[in-house]
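Below: the structure, in structure tokens.
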Amino acid sequence: MADAEITQARPEPASAPTADELAAAGLRLEVDGAVATVTLDRPERRNAMTFTTWRTLARVGATLPEQIRVVVLRGEGPSFSAGIDLGMFSGGGEGFSDGADAEATDAFIADLQRGYTWLRDPRFVTVAAVQGHVIGGGFQLALACDIRIAADDARFCMKEPALGLVPDLTGTKPLVEIVGVNRALELCLTARTVGAEEAARLGIAETVVPREGLDAAVGELVAALLAVNPGAAVATKRLLWEASENTLEQQCAAERREQIGRLREMFGGQKQS
């Protein structure tokens, strides 16, 4: 694809993807009350993702109904995701820039990253339910979520450096925050596979369950998340996401700000004695 075409590929103002558009992107979306389930649905390709997948994920995130409190991200079949569809590099899929026009390529990648950044939105809690291959862009998608539940057959791998690339789908920041710079370097620069139990020890997965128990474990977690006061959940997620960037003084101020908002909502209508 020519660099001029990259700029043209940026998305229109968000509109909810149709069922046909979701299918073309290798996705399914199910909304059940306050829960949205997004399924990577290309099992014949181990749920490998394309540029269209990421752009459509961004549209999903931008157009979810207001009542959504929990988003579950899962993969159809034996794998969560094998990462980027390598057919895009060999002429088997949508074209890719050679990076000659840095500004256009920067805009192109930023457009794809929107498929990941919405998962940090404080309006809802995001849960990755992963099994089998969790590779490259799939690993980064899981890292973009708030909580990861891994089946005991999950295998994580940051493959991009082995392909001559860098992880560029928002995964480097959460990986470093979870495991530290030194371990992140080791994982990325060896591109080694991390099993579910090691992932739990490193903090990459919050919970490991038998493969046949993955859906039940996700269901239990979703029920627990929905039992929490909605406003408190949103405010607490905001606080926790800010914490690593704030000084102690700033975080104390943020806690006061959020608590004032909660007190006003809970008791603001009551007259003071």
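The values are calculated or read from the model by the stated rules, or taken from the named source; none is laboratory data. None of the values given here were measured: they were computed from a predicted structure. All Cβ positions, glycine included, derive from the backbone under ideal geometry; neighbour counts span all protein chains shown.
Here are a few things to note about the model shown:
- Number of positions in the stretch 19-53 that are of a type outside the set (Val, Ile, Thr) and under 15 Å from Gly75 (Cβ atoms): 17
- Any hit, the stretch 184-205, residues being free of Cβ contacts under 8 Å to residues at least 24 places away in the same chain and under 19 Å from the mean Cα position of the chain (by Cα): yes
- Of all residue pairs spaced 6 or more apart or on separate chains, those with beta-carbon atoms under 9 Å, a first member in the stretch 112-137 that is at pLDDT 95 or above and a second member that is of a type in the set (Phe, Trp, Tyr) and assigned to a loop (DSSP other than H, G, I, E, B) are Ala128/Phe80; Ala129/Phe80; Val130/Phe80; Gln131/Phe80; Gly132/Phe80; His133/Phe80; Val134/Phe80; Ile135/Phe80.
- Test: residue in the stretch 120-129 that is more than 20 Å from Val35 (Cβ to Cβ) and not hydrophobic (A, V, I, L, M, F, W, C): no
- Only one entry of Arg211, Arg256 meets the criterion of being free of Cβ contacts under 8 Å to residues at least 24 places away in the same chain and farther than 20 Å from Ile178 by Cβ, and that entry is Arg256.
- Taking each residue of the stretch 36-62 that is part of a strand (DSSP E or B) and looking for partners that are buried (at least 21 other Cβ atoms within 10 Å of the Cβ) and hydroxyl-bearing (Ser, Thr, Tyr) with beta-carbon atoms closer than 8 Å, six or more apart or interchain, yields Leu40/Thr53; Leu40/Ser81; Met49/Ser81.
- Test for Pro17: is it in the same structural domain as Ala110 (by TED's automatic domain parsing), touching a residue at least 24 places away in the same chain (Cβ under 8 Å) and either assigned to a strand (DSSP E or B) or out of contact with any helix residue (DSSP H, G or I) (no Cβ under 7 Å at 6 or more places or on another chain) (or both): no
- Selection of first residues in the stretch 159-182 that are under 13 Å from Gly137 (Cβ atoms) and outside the structural domain of Trp241 (by TED's automatic domain parsing) and of second residues that are at pLDDT below 95 and buried (at least 20 other Cβ atoms within 10 Å of the Cβ), restricted to Cβ pairs under 9 Å at least 6 apart or on distinct chains, gives the following pairs, ordered by first then second residue: Lys159/Ile84; Glu160/Ile84; Leu163/Ile84; Leu165/Ile84; Leu169/Ile84.
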